[in-house]
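J.: Before I ask anything, let me first share the structure, which is written out below as structure tokens.
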């Protein structure tokens, strides 16, 4: 029954604790992305259709950012941004909208527009931020590739010492 004991591995006759997974690891961030997608899907009947599309597009962008870890470890600032968006900014935005009385969601809420309009604006802002992080991550990859190319040319091209 060892397979029922989560987080333990059998070593001889005594169970030993495995290393707990880092909450900032790409695997943990991907798992969080799946959990947020489930929440979006579960509430899709209460959210405007466009909001569901925008929220899922946002999680797709965050997933693209996380996937860059296959090439190089994620920068700490990238991890903080992705994790905050997945665990705070996006869930809070959705919860705030869902807390509004369903009948009031399409009524103007002053000069800012309807709660639905505010939701779209907030989701657009989150998407803009995620797009900027993705671009910065990709540009860092390009910079790293350029640096590697310069290194290889220097390392393997003719040396000044060659006669």
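The values are calculated or read from the model by the stated rules, or taken from the named source; none is laboratory data. Keep in mind that what you see is a predicted model, and the values were worked out from it rather than measured. So basically every Cβ, Gly included, is an ideal-geometry build from the backbone, and we count neighbours across all protein chains shown.
J.: Which one is modelled with the lowest pLDDT, of the residues in the range 55-76 that are more than 12 Å from residue 130 (Cα to Cα) and assigned to a helix (DSSP H, G or I)?
T.: Of everything passing the filter in the range 55-76, 76 is modelled with the lowest pLDDT.
J.: Given the conditions (1) within 15 Å of residue 30 (Cα to Cα); (2) assigned to a helix (DSSP H, G or I), and given that residue 125 satisfies all but one, which numbered condition is not satisfied?
T.: The number of the failed condition is (1).
J.: Out of all the residues in the range 116-135, which are surrounded by 17 or more Cβ atoms within 10 Å (Cβ to Cβ) and without any contact (Cβ under 8 Å) to a residue 24 or more places away in the chain?
T.: Within the range 116-135, just 118 meets the criteria.
J.: Out of the residues in the range 3-41 meeting the condition of being closer than 12 Å to residue 86 by Cβ and not in a helix (DSSP H, G or I), tell me which one is modelled with the highest pLDDT.
T.: Restricting to residues being closer than 12 Å to residue 86 by Cβ and not in a helix (DSSP H, G or I), the top hit is 24.
J.: Hey, residue 95 hits all of (1) surrounded by fewer than 19 Cβ atoms within 10 Å (Cβ to Cβ); (2) farther than 30 Å from residue 139 by Cα; (3) touching a residue at least 24 places away in the same chain (Cβ under 8 Å) but one; which does it fall short on?
T.: (3)
J.: Of everything in the range 79-88 that's within 11 Å of the chain's Cα centre (by Cα) and closer than 18 Å to residue 34 by Cβ, which residue is surrounded by the fewest Cβ atoms within 10 Å (Cβ to Cβ)?
T.: 84
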